[in-house]
Every structure is written in C-alpha cells, then in structure tokens.
1. Suppose we flag GluC sites (Glu not before Pro) only when DSSP calls them loop and at most 16 other Cβ atoms lie within 10 Å. Which is the longest uninterrupted stretch of chain A?
2. Would you mind checking A:LYS185/A:LYS433; A:LYS193/B:LYS451; B:LYS160/B:LYS451; B:LYS88/B:LYS228 for any pair whose Cα atoms are more than 23 angstrom apart?
3. Using a 10 Å cut-off around each Cβ of peptide B:448-460, what is the average number of partner chain Cβ atoms that fall inside?
4. At a 10 Å Cβ-Cβ cut-off, how would you order B:LEU100, B:LEU33, B:LEU291, fewest neighbours first?
5. Need one value for A:203-210: mean number of C-beta atoms belonging to other chains within 10 Å of its residues' C-beta atoms.
6. In the neighborhood of B:TYR196, defined by Cβ-to-Cβ distances under 11 Å, what is the net charge if each Lys or Arg adds +1 and each Asp or Glu adds -1?
7. Under 5 Å between amide hydrogens, which residues at least 5 positions from A:GLY516 or on another chain qualify, with H placed 1.01 Å from N in the peptide plane?
8. Can you compute the FRET efficiency between A:ALA74 and A:TYR417 using 1/(1 + (r/R0)^6), with r the Cβ-Cβ distance and R0 = 60 Å? Round to the nearest 0.05.
Amino acid sequence: MTEPFMFPILSVIIFTPIAAAVILLLIDSDKRDLIRGISITAAVIVLVLSGAVYFGYNNLVGQVNTNQAAIDAAGLANPATQMFKDGLAFEEKVPWLDSLGISYHLGVDGLNAPMVLLTGMVAVAGVLISWRIEDRTREFMAFFMLLVAGVYGVFVAIDMFVLFFFYELAIFPMYLLIATWGWVKLREYAAMKLTLYILIGSVIALVGVIAMVLVASNYFTNEGAAVFEAAKASGLLAENARPFSFDMTQLMLAAENGAFDVAGYAGVETLTFAKLWFPFVFIGFGVLAGVFPFHNWSPDGHVAAPTAVSMIHAGVLMKLGAYAALRAGVQLMPEGAQTHLPWIVFLTLINVVYGAFIAFRQRDFKYVIGFSSVSHMGLVSMGWASMNIIGMTGAGLQMFSHGAMTALFFGCVGMVYDRAHTRDIPSLGGFVKRMPWVAVAFIIGGLTSMGMPGLSGFIAEFPIFVGMWNASPNVALQIGGFTLTNYYSIIVVLAALGIVITAAYVLRVTSQVFFGEFNEQRYSDVTDITITDRIILFLLGAPLIILGVYPIIMAPMIEAGLRPVIAILGGGA
Amino acid sequence: MGATEFDLATSLLAILPEIALTVLAILVLGLDLYLPKSQVRTVAYVAGVGLGLIAALPLIVWPGSPATPEGLYWGGMIRHDVLSQIFKVMVLLAAAITCLMSVDVKGVGHRGEFYLIVIVSTLGMTLLASSADLIMAFLALETTSIPLYLLAAFKRSDQKSVESGVKYFLFGAFASAIMLYGLSLLYGFTGQTNLYLIAAQLTSEAFANNPIPVLAALVMIIVGFGFKISAVPFHFWTPDVYEGAPTPVTAFLSVASKAASFALLVRFLVAVFPLSLVIGDASIHNFWVQLMAASAVVSMTLGNVVALAQRNIKRLLAYSSIAQAGYTLIGVAALQSASDVVQAQAVASVGFYMFMYVFTNLLSFAVVILFSEATGSETIADLAGLSRRSPWLALMMTIGLLSLAGVPPTAGFFGKFFVFNAAVQADLTWLAVVGVLNAIIGLYYYLVVVKVMYVDRSEDEDKPIPVSRPYAWVLAITSIVVIVLGTIGAQTVFDWAVRSAGSLFL
C-alpha cells in the first residue's frame, strides 16, 4: 500500500521550536528584540499548526466513530487495537532504531489532539509573558522552545521509546529555566527536587516498559505467533513488523490478547506482568501528574518557576504525566488497572481534598495556585480510575480545562507580582481598580476552578463524578480477607467536598487580592497591563468559556479517543 | 578456527592502522627534532590530523571484505574482526582529539615528545582491541600503560603530576603483575596462549572436577582489567591520578585506555569462558557474569555517591568515570543470556556505550582544559557565571554533562538505554533498576555543575574565555557527534556494534 505524500505536520510542530532554539543560540545575545521576534514567530506557527491538527481531527471524529461502530458490528478479533489504530490521524512513521523495534512514529487521536492545541496556546502565552525578561533572553527563549518541543513530542508519540525520549528531553530545559530564571529564594532547591522526582518516576517506568516490550516479544514469538501473523495479514500491524517493538499499537495487541496477564511472572504463581508493573508505570508517570504522596515537588516547583514556566509546567507538563500514565499504564495493562486503580483512587482522593485544604491555608498567592493544581490533577487521575467512558472523558476534558485555567491563573499571578512585587495575599488588595482585566480573567478562572456551570470546569468535573458514581457497583477492593465494595460513591461524596473547599479558597483569594482596600501609597506605581498581557488572558480565558457553553467541540473527540481504552478494559459504553 | 595459512599481503592489511601509527610516530619524532621549538604547533597538527586520518583505516580494511577476511592473523596473535575495528576507531579518534586539545596547554602540548608518547600509547590500545593471544594481550597492555605512566607525570615541575605518575605506575605495575600471574596460570593449565584455543582446551579436556584453579586465574585476570577500566574495588588510583595528571592526559586515559580495555575484556570473557564451559558442575560463565554484575553495582554506586561530595571538577569526572565503567559493566553482565540475539545486544551496548563515552568525556574535558588554562582553577565553584562569560562554552559543557547523565537528545541517553535494555532482556531487571536509580544520583551532581555555570554569579563575568582554533574544532566535532549519536546516528553505530558481536562468537 503506497501512501500519498502528506505534509508531516506533527514533525513540523516538534521541530519548529527546536529550529528556533538553534537559530536563537546562533544570533547575538544583545539583539533582544530579534530574539523575542523569532520566539513569538515560532510559537505562533506552532499554535496555528496545532489548531489545524485539532480542528482537522475534529472533522474526522464522525468518521472514526462510524469506523468503530463497524468494528463493533463486525466482531473483529482485536477490536480495541483496531479502534486505536483506526483512530490515529496525521500519522508519520520512520524507522529509527530498527534493530530494537523503535520507529519514529507519531500520530494524533481524540485523546491527544486537545493536548496539542493546549500546548500551542500555552507556548504562545509563555513567550508573550516572558517578553520583559532581560537576563540572558536568548538562553531563556532557546530553552523554553526546547521545552515546548519536548512536550509536543510526548503528546504525539505512538512509539513508547519516542515518548520516553521526549519526556526526558522536556525535563532538562525545565530544570535550567527554573534554576536560572526562577524566584531567587527557592529556585535551586525546587528545580532540583522537581527534576529528581520526575526522573525517578519516569526511569522506573522506562524499565517497566522495556520489560513489557520483552514480554510482548516473547508472546509474539511463541504462543501468540498466530495472533501476530493474523494481525500482519489483516493490516493491523505493518507487514515488516517484528515481535520486538516499542510501538504502542503492537503492545496494545499483546495486551488485548492477554500477554501481560499470564500468571507465574517472575516465578510467583499468582503474579502477572500487569499486576506487578502497573503501579510502577502508572505512578511512575503519575509523579508528574502530582499523584499523592509524590506531589511534593509540584507546589515548590510552580512557585519557584518564572511565570512562563509555571504556566507551561502546571498547564501542560502535569498533563504529560496523566496522559502517559493512561497510555502506558491503563491502555497497555488493563488487568493491572483493574487490580490497582481501586486502591490508587484513594491517593487521588487525598490529592483532591488535601490539595484544596492546603491551598486554602496559603498566604502566598502563587502557592494557592500551586496546590490547587495538585487538587485538580487529582481529579484527572480519579477520572482514569473510574474506568468507564463518562468518567474518563471527564478526565480528558479536565486535562484541557485545567491546563488553560491554571496557565491563566499563573499568568494573572505573574502580572500582579510583576507590578506589586509581592505575592503575600493579606498585603494585596483592591487590584481591580488598577488591573480590571486581570481581575476579570482571574474570576473566570476561579469560577472554572469551582466547577461553575457554563464554564469548562463543570463540563469536566461533573462527568468525573458521574462516572465514578456509575462505576461504584462494579468495583471491589480486596484487603486481606475483607472485600470493600461500592465505595466509589463515598469517594465521590468526599471529593465533592474538595470542590467546596476550592470555592472557599478561590473566593478568599479573589476578595483579598482584587477587592478590598487598595493601598494607594504602596502601590502607587502599579499600572494596568499591556496589550500583550491582554492577548494572553484572552487566549487562555476564551477556551474556558467556549468549552463551557459548547462542550461538543471537544467532548465527542475525547470520547472517541478513549473508546479503545474502554474496549480493552473490557467495558461497554 | 586457528591460524590460517600465512598470507603476507592480507596479514599486513589486518594491521594497517598499527603500521600507519608507527610511521606517524617516526614522522612526529623527526618533525620534533628538525622543527624549531616555536613550530611545535605543527607537530601537534600533524599528530592530530594524522591520527584522525588513521582512524579511517579500520573502516577501509573492514573485516569481511575479500581483501581482508575476518579471522586470526599473525599466527593467531591478532584477530581481525568488527569488534576490534570499532574499538580501534574509537581510540584513534580519542587520540586525535587529545592531540588537538593539548596544543595550548603549558608544559604539555608545548613539547613535541608529548605527541609521540600519545601515539605510541595509542598503538598499544589498537593492538589491545584486536589481540587474541595472551602474549599479545599483555604486550599491548604494557605498550598502552607505560606511555600513560609517562604522560601522567609529564609536568615534571608540578608535584601533583609527578605524584600522580608514580601512583599510577605503582598501582598499574601491581595490577599488571597479578594479571600476568593469572595469564600464566591459564597457559599452565592449557598449554595454549591463543584465547580461542584456550577455550577449546578448557572445554574439551576433562579438566578434573575442580573449577577452583580456573576461577582463580579468571579472578586475577579480572583484577588487571578492573584496574584499567577503574571498576570498584580497583579504582583507588583513579581520582588522584585524574586530578594530578595534566588535563589532556586525564582526558585521554579516561576514555581511550578504558575503551580498549573493555574491548579486550569482552573478547576475553566470551572467548575463553563461554557459556558452554562447565567444569565440575560449576558454570564459569555464570561465575563471571555474577562478578561483573556485582562489580557494576558497586562501581556505579560508589562512583556516583562519592562524586556527590567533590569540589574539583577533575575529581568529579574521575568518580563519574568510575560510575560510567559501572554502567558499561551492566552491558557485560548482560552476556548472561543464552540467546544469541540478546548476547549480541549486550556486546553492542558495551560498544556503543564506550563509543559515546569517548566523545562525551573528551567534550567535557576540553571545556575543563580551556577553563583551567585561562583561569588556573579546577574548582567547580569557580565555574560560576560561565554562561555569562562564555555562553557557548557553558552550553558545550552542559551537553557533555547531560550526555554523561544520560539525558536526551545526547548520546548518553542511548548509551544508557541500550545497556539497560540489554540487562532487562538478559533477565537482569534488578540490575537495570539499580542502574537507573544510579543514573538519578548521577544526574544530581552533573546538574549541580550546570547550575553553577548558569545560576551562580562571579566577578569575572565580563572576561570571556579565549578559545583558539583547534579547541573550537574539538568542541564542535565532539558536541556534534554527541548530539548526532543521540538522535539520528544511534542506529548506525549500534548496528555496527551488533555486527561486532556476531563476529565475536566465531
């Protein structure tokens, strides 16, 4: 089958920032305006292309759903893998390390297309908000561009190795950005803590994935040889596919045929590969999503980072963790998910409630947002734990919604801090007078955060709760001889408590920072924001409203992306 | 197997790089005598460029081509195969780069005989990579080592350098003696000096039911290798010698002699003590695999943990090199697998790791040389503000350190990935986990150096560090290789290395 030449849009998206970084490093460090110009150009190109990917895919969703209906009806041998493969668009596949079954394989499905769009938005916003950085502008922008490239790479990778490659690639520029341009008091400590936490999680997950590839390879060469040949014959796998491969489609095929569920792994009778490795892979990536008790790096990291990095970090990078945990964990080890998510859900509950409590107690404006991220990301992991289409779709929406919202929050905090030079909440007040735009944006973000209907937070969080509630009768947790059933409903109730606390801290911060008495003397030189700042607020705030009133622009797409996952988990709709 | 009929033309081709090295050595010696002292740079360029050109020779006389078939040459002294060629390329390039980056180093590169000694040592290393005989191996080892002792003490007026030379010599002589004893035991047991024939003897003969003597010989030989690759517990010389020796020498001995020794180590273990060798129910193969795994764990852990406390950049790189030897040993331990494919990947991972390590470490050391020549300091804290002082130099150092740490898009990421992958495939998942955790410790101290360069301030920020032309070339070449090997080039080199493994198992 020869494919027509396609514009390699995903590669262009990844390599535009890399090219920009290289060009930036080659020009003279004193030409700051040129540097900024190149950066914003690259970011805008990337955003436009991301928009093209997103809306291009959105047009395909109907088609993908029709395909899936056909697959369901036909009763094919490997429906989940087939759905996943058919759902991919904008695919690019080039052999990379052929002898190890690694190929540079990119693609977009309903799950990552929104993430691509989000990354584009935050990239542009990040460059704009860093406009006034004067200290080594060139290096800052270059590292920021590398970070953006790494993030994109993770989201569009369909090969597990490529995913890891970009995952690790993204970590290092972040370290330097935080350590060098961050908040003086905390930056070195926070940057190192963040880097080590995230890397420990990811490298353990990497070992797990290598082991998974090995198990899959053994399966395909021995008992699963027939499955492998059949898949090649039916076009599910490429004709030249080999058993040893890091390709997600192939690993998913192995998973769907139970290769990871064979008892007796590592010499233990009751143990299967999936049961042993799922927690390591899921939580290994979950570290970046701030899963309790490994969330500790996150508030410090966000507070210490320069505004642009906080935005991309809380807005996009934490989603990398949740996304990779789903892709490598739930999607490839469904049996492990069914065994372990019922207890991991308790960790996510702690995230939601405890994160919100701690956020409520903070005096530092930025710490409030930092802990609120921990709380909201807990909801994403909780959505994954529901293991049904409603809850997981909610989690997918939450990734986008929280990404835009938290980037907006950090943008607002940065704008206030730049002018007031303090983030101490009690000493701020009345800023609505001087910075009405920021106040409006912050209130929009705050209402989203509380889950106000009409904004994207509601569209995302409500399905998570519904999904959890629906899942409740199906989930049971064995603790020793005791079986815990139907407890997801209790978790929903407790998690809803987190929303109440969220409302409390959002209202508190809003009233204390933006309303109340304005200290004319101390803040006499505070001015309104510039036009670039307004663009940022608009860019990040508008999607919250659009998605809130018109969720159909994203929800069906994420649902389509999650169908293969649901199928492999063995559930219906 | 065994020495084939003697064919002079082919045999000469098999050692073409060595012949060229000898010619180059004579040429450099002559130039050094005839050119005036002020022209010593010319000697350096001739040596550097000459070595660089010779590095292409192993590719020309590639084994398997009709002119130079793979096999044993010179009465079984030399084995001409892909493995040896790859390691020859490595050490030759390492030597070339070392010559170029010694040009401006006072008291080192300003003396013509320096280049001569480097070339002679390189000659030993190339022979080491291809030696297939106990006598050849020992001779090559000494040809490698004795010039290195000289080089370590090359700054005669500098007490530290002299101390380092003496220390290196004492340790080296001791390790050589133990190794030689092991080699003589092997010869005594089998009456053979050729590695591949020893294997046959050990396997075929009913070698009593007592494996102890063979194990003793094996352990003694491993002591010698352990010293050369600075694996724990034979690493004690490393930090002192690395710190005291002139920096280009440190760079050279940290990469080239390590790479060549790994080549012989792998060949030796696989050829003499193959999987099939069982003496009195004891699998010798299993024994050395365990030994390598244990050595890998302690080398990585000790190297990384002690590196955390270092204040001198050369000592830091010394402990880091101990840790790097540990990672490479994971690849050697992965030879435990019975599967050909996995064994090939294990050998390939060692080959790739060393290949990338050569360039990575030379890159880091080049920056250290430039920095210490300009400022006279080797303290990490003095690197403060380097990113403002010389942004490019800081970036180069960052690339080098990241590659050592194993962060993409640098070669080190693939190096570590291949090694860990081989370990997992060889059913040594625990070793891979120990390895990745160690990589995190490693990342910490490399990042601390990066942080010092980028975050900390210093008073000399307005004084850029001068980079003369040869250094610019060295930095450009090594950093580009590191990046290319970390992205699109990994496939090519890894496939080469996989082929080298195929040639190893006769």
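1. No qualifying site falls inside A:270-516, the longest such stretch.
2. From A:LYS185/A:LYS433; A:LYS193/B:LYS451; B:LYS160/B:LYS451; B:LYS88/B:LYS228, over 23 Å: A:LYS185/A:LYS433; B:LYS160/B:LYS451.
3. The shielding value for this peptide is 3.
4. Ranking B:LEU100, B:LEU33, B:LEU291 by Cβ neighbours within 10 Å, fewest first, gives B:LEU33, B:LEU291, B:LEU100.
5. For peptide A:203-210, the averaged partner shielding equals 6.
6. Net charge around B:TYR196: +1.
7. Distant-sequence amide H within range of A:GLY516: A:GLY430.
8. Working from the Cβ atoms, E equals 0.55.
Quick note: the coordinates plus some simple rules give every number you see, no bench work behind them. The structure displayed is predicted, hence computed values, not measured ones. Every residue, glycine among them, receives a Cβ derived from its backbone with ideal geometry; neighbour counts consider all protein chains shown.
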